[in-house]
Amino acid sequence: MLFGSCYCHPSSPVSRRRLLCAGGAGFVSALIGTLVGNERTARAQALGSKVPEVDRVAVRIVTDNQVIQFIPSEKRDGLTIERRTGANLTPDAPPRTALHGEWGLSMHAESQRGNEVRNVLIDFGYTPETLINNMSILKIDPANFDALVLSHGHYDHFGGMVGFLSANKGKLKKNLPFFVGGEDSFCTRETAFGQYGALDRKAILDADLALMMAEGPAIVADHGFTTGKIAQVSSEKPLQPSKEKVGVVNGFGCFPDKMSPAKNTGAFIPDDFEHEIATNFLVKGKGLVVLASCSHRGIINAIKQTQAVSGIQKVHAVIGGLGHPLCSRNSIRLHNVRSGLAAPGQPTG
């Protein structure tokens, strides 16, 4: 993947009332009904005026582009940061298991409200081998998942999905919700280096998952919520390392009747990442925990979108890919977003 810069241009503020108004269900074509079964594709439950609140949330980085050994755990501003090597460090004994790093990102969020616990997997990294290996070391049981979320349609975030679903066939909860930010997630994409894949819709539904379209802010597993489309309200300009093409070939791609006419050109066009979403939690007495991924739409925009749809301004932590190095913790501070922790993952820089 290639990454551009964060350029500056002014924009108008976002309205929470406008954001909370979900769009219509739309027309479902005969092709969609035949290929994927529209009984298992639905509009996600919209985020209402009452934002779900949890007592605690633990976020584990399952896949990232590096694994750093020998850094101790620490506590900072009410946050506990645990670091695990996952390796056998016995003297004179070879390592039998180790956390793998690769180009890609996957995060696991475990939230708790009273005695109620929810588990959500956000993205799948680049390969199933790394995802499955790291989940095993971190003792994350897929059978406990209450929802799956895909942040956007790039291979380094969905590449591990098909292998993961195959390895866990029959183990996941039936009709487990699988959230995407819109039909754009399924479009075929390419980069300057060539073809960059397309999300496998059939694999999702063959795994007995419920495909949830979350173009607007949506509730995730009763504990969290997504941003919906991330508005451009800061000085950041979307990172556009790929192009997208509307159409379905051999069962892969996005359906033209679900896309805007402006994108139905029959050719590859610059990817605006309108489908990119962040996943968020409101922690009681702490504030918002924002889980970004690539932040193609801009990490400041993602944070401000989360604040706008929730009506909550206090940010407790920002975790995940921050995009370009200019979009760093210093950038977050410059935009008057106070966060107890900014934990950058892939891609940042």
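The values are calculated or read from the model by the stated rules, or taken from the named source; none is laboratory data. Since we're looking at a predicted model, the values are computed, not measured. Because the Cβ atoms are built from the backbone with ideal geometry, glycine has one as well, and the counts that use them run over all protein chains shown.
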query = Residues in the range 199-208: is at least one part of a strand (DSSP E or B), of a type outside the set (Gly, Ala, Ser) and in contact (Cβ under 8 Å) with a residue 40 or more places away in the chain?
reply = no
note = Among (1) of a type outside the set (A, V, I, L, M); (2) in contact with an Asp or Glu (Cβ under 9 Å, 6 or more places away or on another chain); (3) modelled with pLDDT of 80 or more, residue 48 falls short only on (2)
query = Name the residues in the range 220-248 that are of a type in the set (Asp, Glu) and outside any strand (DSSP E or B), would you?
reply = 222, 236
task = Would you please name the residue that is farthest from the chain's Cα centre (by Cα), looking only at residues in the range 226-242 that are at pLDDT below 90 and not basic (Lys, Arg)?
result = 235
message = Pairs needed: first member in the range 56-70, assigned to a loop (DSSP other than H, G, I, E, B) and modelled with pLDDT of 95 or more; second member anywhere, among the hydroxyl-bearing types (Ser, Thr, Tyr) and surrounded by fewer than 13 Cβ atoms within 10 Å (Cβ to Cβ); C-beta distance under 7 Å; at least 6 residues apart or different chains.
response = none
ask   = Do the conditions hold for residue 158, that is, is it more than 18 Å from residue 223 (Cα to Cα), out of contact with any Asp or Glu (no Cβ under 9 Å at 6 or more places or on another chain), in contact (Cβ under 8 Å) with a residue 12 or more places away in the chain and surrounded by 19 or more Cβ atoms within 10 Å (Cβ to Cβ)?
value = no
message = residue 217 - would you say it is farther than 22 Å from residue 161 by Cβ and either among the hydrophobic types (A, V, I, L, M, F, W, C) or surrounded by 15 or more Cβ atoms within 10 Å (Cβ to Cβ) (or both)?
response = yes
key: Complete set of residues in the range 104-125 that are touching a strand residue (DSSP E or B) at 6+ places or on another chain (Cβ under 7 Å) and in a loop (DSSP other than H, G, I, E, B)   = 104, 105, 123, 124, 125
